[in-house]
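Take a look at the structure set out below.
Coordinate-derived values only; no laboratory data. Being a predicted model, the structure only gives us computed values, none of them experimental. Because the Cβ atoms are built from the backbone with ideal geometry, glycine has one as well, and the counts that use them run over all protein chains shown.
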2 protein chains.
Amino acid sequence: MRFESYDCSRGCPVEAALERIGGKWKGVALYHLLEGTKRYNELKRDVGNVTQRMLTKQLRELESDGLIVRKVYPVVPPHVEYSLSEKGRTLEPILLALRDWGESYV
Amino acid sequence: MRFESYDCSRGCPVEAALERIGGKWKGVALYHLLEGTKRYNELKRDVGNVTQRMLTKQLRELESDGLIVRKVYPVVPPHVEYSLSEKGRTLEPILLALRDWGESYV
DNA sequence: CAGTATCCCCCTAGATACTG
DNA sequence: CAGTATCTAGGGGGATACTG
């Protein structure tokens, strides 16, 4: 048969993946990071209507999941850059597929 | 450039797509419906550790988003079948990509 | 079998203000 | 510039019991 069945009672890969990128602003943030490294405020502008608190929170989760890299330059004023990690870059096909689907079917 | 930028302040396609499939049990439910039409309890077993209340709720949302079809046979005992709609079937590449990513990178 | 009906907790997420 | 700190509302989500 074409699709194998999974016992999701103790971890399903689809569920696991969505837990990583399904946060309210995570997908959009990751998507915009496909363009390249961005500073905090740049990313905030791109993501749009998000509060600082929430963006910071979601970025920290993405970081601790190893999907993005946060680089701090110890200067005044602060300079922080976000970029996709190797692992984060593997999400590219998914993010582009989500974008295309969103454009076509929503 | 490879990726166009989107103003997400009033609707971003990635965000829109994730709003449809990002619910806690939606991805898994959709994924299992790739296998074909299922009855309620069958789907519930497949999805795993979900309560009836939540599964019903998420299925109703998927239905009102036009991603799944709910067919009720007016018999006793009740018989209800769920299946992917045309639109829902367009999610197949995304669901498979999520599964593959989840298997490899989580 | 395939749901409702209740009750309730807690976490998500927003608003606002403050800061190294 | 890139964040904390604090407070708060709202609803997502669980447990349990009941039903046509």
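A few remarks follow.
- Think of the axis that spins chain B onto A; the B residue whose C-beta lies nearest it, and the distance in whole Å, is B:G22, 2.
- For the segment B:21-33, counting C-beta atoms of other chains within 10 Å of every residue's C-beta and taking the mean gives 5.
- Rounded tilt (10° steps) of A:92-105 against the dominant C-alpha axis of chain A: 80
- Considering only alpha-carbon pairs that sit under 8 angstrom and 6 or more positions apart, the relative contact order computed for chain B is 26 percent.
- Remark: label point of A:E4 defined 7 Å out from Cα along the Cα-Cβ vector; separations to the same position in other copies 3.9 nm, ascending.
- Low-density loop cleavage sites - trypsin sites (Lys or Arg not before Pro) in region B:1-86, where at most 12 other Cβ are within 10 Å (DSSP): B:R2
- In region B:12-105, taking the dipole from charged Cβ atoms about the Cα centre, the farthest positive-side position among B:V47, B:G102, B:Y73 is held by B:Y73.
- Fully extending the segment from A:E81 to A:Q52 would add 8.9 nm, taking 0.36 nm per residue of separation and subtracting the current Cα-Cα distance.
- For chain A, calculated [θ]222 nm from helices alone, where every DSSP H run of n ≥ 4 adds -39500 (n - 2.57): -15000 deg cm²/dmol
- Two-decimal Rg/Rh across region B:1-77, once Rg and the Kirkwood Rh are taken from alpha-carbon atoms: 1.11
- Cross-link check: pairs A:K44/B:K38; A:K71/B:K44; A:K24/A:K87; A:K38/B:K24; A:K87/B:K24 evaluated at a Cα-Cα cut-off of 32 Å; pairs beyond the cut-off: A:K44/B:K38; A:K71/B:K44.
- Exposure proxy order (Cβ contacts within 10 Å, fewest to most) of A:V72, A:V28: A:V72, A:V28
- Rounded to the nearest 0.05, the FRET efficiency derived from the C-beta distance between A:E35 and B:S64 at R0 = 35 Å is 0.55.
- Cα shape, the protein assembly as shown, gyration tensor, a/c 1.5 rule: prolate
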